[in-house]
Amino acid sequence: MMASVMQAAEKLDLKSITSGAFSASYVTGINPIEGTDLYASISSDGKQVVSYSFKTGKQVAVLFDVEAAKAPMKSVEGYVMSPDGKKMLVFTKSKAVYRRSFKAEYFIYDIARKTIKKLSEGENQQVATWSPDSRHIAFVKDNNIFVTDGEKEVQVTKDGKFNEVINGIPDWVYEEEFAFNRAFAWNADGTSLGWIRFDESHVKTYSLQLFEGAKPTRSEFHDYPGEYSYKYPKAGQDNSKVSLWSYDMKTGKTLALDVPVDADGYYPRIKTTPDANSLIVYTMNRHQDDMRLYSVNPFTGKSKQIIQESVPKFIKEEVMENSIVGKKNILLPSDRDGYMHLYLYDMKGKLIRQVEKGNYDVTAIYGMDEKTGDIYFQAAMLNAHDRQVYVAHKNGKVDRLTSEEGSNSAYFSGDYRYFVNNWSSYSHPYVYTVRNNKGKVIKTLEDNKKLLEKTKQYNWGKRETFTFTTSEGVKLDGWMVKPVDFDASKKYPVILFQYSGPGSQQVLNSWSTGSMGSGGAFDYYLAQEGFIVACVDGRGTGARGAEFEKCTYLRLGDLESKDQVETALYMGSLPYVDKDNIGIWGWSYGGFNTLMSMSEGRPVFKAGVAVAPPTCYRFYDTVYTERYMRTPQENEDGYKVNPIERADKQHGALLICHGLADDNVHPQNTFEYSEALVQADKDFKELWYTNRNHGISGGNTRNHLLRQITNWFKDKMK
């Protein structure tokens, strides 16, 4: 019976996987409308912005309709509601700048009158944001800040210039590593605007060569290549000089704000508070182990420190990203007791209480209901590989609001009475349900049943979890995918997939787990081709507390590569594994650790593929690298722990793939590493992808890349 089922199963192919044939359906663009139980969302055809009731899931009103508004656009790509709900900004023609930044053409739409007008001339506006009183909009254009009431536009700054001065949006490294795209904030009543100014004139430039290419074709580079040059501060080098400014809407005057920071320190956030005489500015020292919050008066420029967060080694970027400045309280995550927990302060910076505690990490914050004192969050409380949604009450009691083990996340309504829960697991794609704030399911919005049936047609296997202890006594967790026709009496080649970067997780009970997302379709494809695919999170990865995560400090790649070698040795000890045919691959940090693992000294890997790998952290950016390594000047020995220095120990058949227009991990990394391999007389192969960035996609690119990875392992290990 089993044989006939297997013969009936359809075969996976790379073209289908990379074209999105196994992509899940998502419920996207859920924007809770403040203080209500409604949320707004863009219709699937992009023609409307519609409000829905959380409680019923039913449509309440059409807020914007491209045709009814006679809007000069084919579809709406995004929108920003005004605080009073009467108007909205809609944008189209968005063009990505870096990971989080984009330029677009914005319009102001009056919902009741159904009138629409352009925000400003051109299609290059960024981060347009309403003032709290809904009367003005601030935005950035060509590195300068502008303010408009819809009729009259005022240019607030005049010194913005590409590669020299930026006002109100972050520079490349702030955007990438501090995870934000807007560096200005209104005060509470819209009478003042505060912003961060970046002087990047002293930051060194990196140039990427661009070619004609295809999909898209850049015909301007038909005969000669062009270049894109931008400011990229590498470890130990000069960062932008940052300063703080405010603009008084009544007087039109600009004022420098005095918030103390080290000469080489950071201003990673500026936020609105409920007091018109106060903005909150975050500061960070260059080592990133000391963060402070200051209340600064935008009219006088004077500031006062309210909170200081100082922990051993480094403060995680999530501490800033997940903190909330509310109307009465400030909520701050901190791993000061060894695990990431929540701490509640008043607006003057007095600690009120630790919100919850235990031997687990809080992994996301969804909001605080200041009327009731309830705080909603996600945590790895059941185990490191699970995520549930919880509420912590004022009295200290914590309730779990989600039921299924796996990965749960939430979008709460503006009045915190309802939330949309997104659940998935290793074996089940995303299920979106609406629940009340006690966790009771009211309605299912999307269950991805069609995709689940499809995976059965293609006879996807399942991820089996396992745990082992290394020779150094470290307990590590992993998953493996075996071929569907697995026979325990045979011996199979193994491919290890890993990322291994600080705080990351690949062993997580979620549909997004595995190589290339999409339910790990590429892992199942490799299993179909006769491989066992396995993944283990080594030391330095997340959700196991600060000590486990921060033990790689100052020596990135050392312990992580040891743990992958130990994984290969463990896999090789299993009776059904061919210990002489074990491979490893990874992308970005996973590419770095592939190279580190293949040159660790123990020759356990027959073959490996490194995609877009950093090869020496001197080539990577200041903020990320120095968070974990300090500067090369302070930590010379730590920076020498890298694949280039280990080139003579490189063992196994190696393929390196890199995009020529990678603005994140520069091609320089692979150029320099390949030269080290040449001089060490090592054979290897490298593949370059024209005009492709760190994601290496576009046209047929991703399909081609995955085929090269597959064929490499097939040729070298079977």
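The set of residues in the stretch 344-380 that are over 22 Å from the mean Cα position of the chain (by Cα) and closer than 18 Å to Ala543 by Cα comprises Glu356, Lys357, Gly358, Asn359. When Val66, Val76, Val60, Val90 are checked against the criterion of being closer than 29 Å to Arg435 by Cβ, buried (at least 17 other Cβ atoms within 10 Å of the Cβ) and among the hydrophobic types (A, V, I, L, M, F, W, C), Val76 stands alone in meeting it. Quick check on the stretch 694-713. Is at least one of its residues in a helix (DSSP H, G or I), within 27 Å of the chain's Cα centre (by Cα) and of a type in the set (D, E, K, R)? Yes: one or more hits. Residue-level analysis places Phe314 outside the set of residues that are farther than 18 Å from Gly265 by Cβ and at pLDDT 95 or above. Here is a check on your reading of the model: is Val311 in contact (Cβ under 8 Å) with a residue 40 or more places away in the chain and touching a strand residue (DSSP E or B) at 6+ places or on another chain (Cβ under 8 Å)? Spelling it out, Val311 is indeed in contact (Cβ under 8 Å) with a residue 40 or more places away in the chain and touching a strand residue (DSSP E or B) at 6+ places or on another chain (Cβ under 8 Å).
In the set (1) part of a helix (DSSP H, G or I); (2) crowded, with 22+ Cβ neighbours inside 10 Å, the condition left unmet by His666 is number (1). What residue, among those in the stretch 339-357 that are in a loop (DSSP other than H, G, I, E, B) and in contact (Cβ under 8 Å) with a residue 12 or more places away in the chain, is nearest to Thr273 (Cα to Cα)? If we take residues in the stretch 339-357 being in a loop (DSSP other than H, G, I, E, B) and in contact (Cβ under 8 Å) with a residue 12 or more places away in the chain, then Met347 is nearest to Thr273 (Cα to Cα). Only one of the numbered conditions (1) at pLDDT below 95; (2) more than 23 Å from the chain's Cα centre (by Cα); (3) surrounded by 15 or more Cβ atoms within 10 Å (Cβ to Cβ) is violated by Ala179, and that is (2). Being in contact with a helix residue (DSSP H, G or I) (Cβ under 9 Å, 6 or more places away or on another chain) and surrounded by 16 or more Cβ atoms within 10 Å (Cβ to Cβ) is a property that Thr402 lacks. Counting only helices (runs of 4 or more DSSP H) that sit wholly inside the stretch 543-607, those with at least 1 residues that are crowded, with 24+ Cβ neighbours inside 10 Å, of a type in the set (Phe, Trp, Tyr) and under 27 Å from the mean Cα position of the chain (by Cα) are 589-598.
The values are calculated or read from the model by the stated rules, or taken from the named source; none is laboratory data. Just so it is clear, the structure is predicted and the values come from calculations on it, not from any experiment. In this analysis, Cβ positions are derived from the backbone assuming ideal geometry, glycine residues included, and neighbour counts consider all displayed protein chains.
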